[in-house]
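Chemist: Below is the structure I would like to discuss, written out as structure tokens.
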Amino acid sequence: MVDHLLYYLLAVSAFFSIGIFATIFYFAIRYRRRSESELPAPIHGALSLEILWSVIPFGLAMIMFVWGASVYFTISRPPDDAQQIYVVAKQWMWKLQHMEGQREINELHIPVGQAVKLTMTSEDVIHSFFVPAFRTKADVLPGRYTTTWFKPTTPGKYHLFCAEYCGTKHSGMIGWIYVMEPQDYQAWLSGGASGSLASSGEKLFQDLACANCHHLNDQGRCPNLRGVFGSQVQLSDGSQVKADEEYLRESILNPSAKIVAGFQPIMPTFQGQVTEEGVLQLVEYIKSLTPTGAPPASGTATPGQRSAPRRRGTAPANAGTEPSKR
Ligand code: CUA
């Protein structure tokens with residue numbers, strides 16, 4: 001997709017560059033001044049010519065726009081069946097985590113023919129995840145999650161680069177993507193994992209004593225986390241927010257940024273107490289907490305609000321105002 005768009009851009013550019021320069025040379029010779037006394041004939045414009053050279057480039061540029069936008073939308077929307085991989089970048093290495101618990105450094109093993117979604121963040125500065133063979137390049141930013149996806153079609157070993165200058169050893173921040181046949185990948189997966197990402201997150205959840213306040217029912221002092229992922233959360237300022245990875249991360253590291261309606265801002269920040277990888281494990285654990293028939297509590301994020309857009313009518317009158325804390 002990316003290649004075809006690039007070929008089109010190159011073809012248009014080459015056609016006009018060659019055409020314009022060839023015309024310049026031809027006119028320079030054809031209409032050169034032949035004697036000292038020669039005067040050029042006056043020109044009175046040509047409407048049809050004006051329209052022609054406005055409409056054609058407009059059409060060509062609109063093709064670029066529509067085509068480019070469609071490629072962009074495809075790249076920004078991972079397919080639903082994509083396999084999730086978490087990426088944490090730091091000076092100067094790539095740390096990759098599989099859902100099943102495998103952790104890799106500067107290497108990523110994935111099966112062929114399977115879409116892979118990357119959720120990425122950085123511990124320090126801006127990096128960029130660049131796999132030229134997959135036509136994939138996405139910035140990796142500290143303090144937030146970015147996503148990208150690709151679908152490898154041929155088994156093999158592919159270069160991974162950092163494509164954003166990030167300090168002394170930026171050029172050494174490289175790795176390999178191993179695209180494997182599905183059975184090889186299964187064999188690789190079965191080797192040495194210390195529990196899934198979600199179970200590591202559960203352990204962390206216990207270690208950090210999150211469960212003291214976040215009971216997995218509606219009896220705790222803090223919101224029930226069951227089914228919260230993907231739901232619309234009603235905030236105390238009247239606005240609503242979709243509970244995605246970014247929201248969960250912010251709620252762990254900067255809990256006072258968005259207070260769930262009906263709760264007090266009593267949660268301390270866990271900034272500095274949990275690594276980015278740990279946050280991802282917690283996020284994955286919270287995502288795994290599917291609703292299990294817990295009775296919904298009014299006003300807070302509940303399993304029933306998973307199909308949130310249709311419940312908009314239940315929001316307070318001022319819920320239409322956009323969240324201002326972004
Ligand atoms: Cu990381 Cu350049």
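Chemist: Considering only residues that are more than 16 Å from Thr275 (Cα to Cα) and more than 11 Å from the ligand (Cβ to nearest atom), look in region 113-128 and name the one that is farthest from the chain's Cα centre (by Cα). Even if it seems obvious, please write down each step before you answer.
Modeler: Residues of region 113-128 more than 16 Å from Thr275 (Cα to Cα): 113-118, 126-128.
With more than 11 Å from the ligand (Cβ to nearest atom) added as a condition, the list becomes 113-118.
On the way: Gly113: 20, Gln114: 18, Ala115: 14, Val116: 12, Lys117: 9, Leu118: 7 Å.
Looking at residues that are more than 16 Å from Thr275 (Cα to Cα) and more than 11 Å from the ligand (Cβ to nearest atom), I get Gly113.
Chemist: Additional query: Just wondering, is there one or more residues in region 129-139 that are of a type in the set (Phe, Trp, Tyr), crowded, with 19+ Cβ neighbours inside 10 Å, closer than 29 Å to Ala257 by Cβ and within 11 Å of the ligand (Cβ to nearest atom)?
Modeler: Checking region 129-139: at least one residue is of a type in the set (Phe, Trp, Tyr), crowded, with 19+ Cβ neighbours inside 10 Å, closer than 29 Å to Ala257 by Cβ and within 11 Å of the ligand (Cβ to nearest atom).
Chemist: On the given criteria, is Tyr185 assigned to a helix (DSSP H, G or I) and in contact with a His (Cβ under 8 Å, 6 or more places away or on another chain)?
Modeler: Working: assigned to a helix (DSSP H, G or I): yes; in contact with a His (Cβ under 8 Å, 6 or more places away or on another chain): yes.
Spelling it out, Tyr185 is indeed assigned to a helix (DSSP H, G or I) and in contact with a His (Cβ under 8 Å, 6 or more places away or on another chain).
Chemist: Condition first: within 16 Å of the ligand (Cβ to nearest atom), assigned to a loop (DSSP other than H, G, I, E, B) and of a type outside the set (A, V, I, L, M, F, W, C). Now tell me which residues in region 58-112 satisfy that.
Modeler: Gln91, Asn106
Chemist: Of the residues that sit in region 68-121 and are of a type in the set (Ser, Thr, Tyr) and in contact with a helix residue (DSSP H, G or I) (Cβ under 8 Å, 6 or more places away or on another chain), which one is nearest to Glu245 (Cα to Cα)?
Modeler: To start, the set of residues in region 68-121 that are of a type in the set (Ser, Thr, Tyr) comprises 70, 72, 74, 76, 86, 119, 121.
Filter once more, keeping what is in contact with a helix residue (DSSP H, G or I) (Cβ under 8 Å, 6 or more places away or on another chain): 86, 119, 121.
Values: Tyr86: 11, Thr119: 9, Thr121: 11 Å.
Ranking the candidates gives Thr119 first.
Chemist: Could you check how many residues of region 239-270 are touching an Asp or Glu at 6+ places or on another chain (Cβ under 8 Å) and either surrounded by 20 or more Cβ atoms within 10 Å (Cβ to Cβ) or in contact (Cβ under 8 Å) with a residue 60 or more places away in the chain (or both)?
Modeler: Applying the first criterion (touching an Asp or Glu at 6+ places or on another chain (Cβ under 8 Å)) to region 239-270 yields 239, 257-259.
The next check asks that each one be either surrounded by 20 or more Cβ atoms within 10 Å (Cβ to Cβ) or in contact (Cβ under 8 Å) with a residue 60 or more places away in the chain (or both); those that pass are 239, 257-258.
The total comes to 3.
Chemist: If we keep just the residues of region 205-228 that are farther than 19 Å from Ala261 by Cα and assigned to a loop (DSSP other than H, G, I, E, B), which is farthest from the chain's Cα centre (by Cα)?
Modeler: So, considering only residues that are farther than 19 Å from Ala261 by Cα and assigned to a loop (DSSP other than H, G, I, E, B), the one farthest from the chain's Cα centre (by Cα) is Ala209.
Chemist: Can you find a residue in region 150-165 that is within 15 Å of the ligand (Cβ to nearest atom), in a loop (DSSP other than H, G, I, E, B) and free of Cβ contacts under 8 Å to residues at least 12 places away in the same chain?
Modeler: Yes: one or more hits.
The numbers here are math on the coordinates, done by the rules we state, and not lab data. Computed from a predicted structure; not experimentally measured. In this analysis, Cβ positions are derived from the backbone assuming ideal geometry, glycine residues included, and neighbour counts consider all displayed protein chains.
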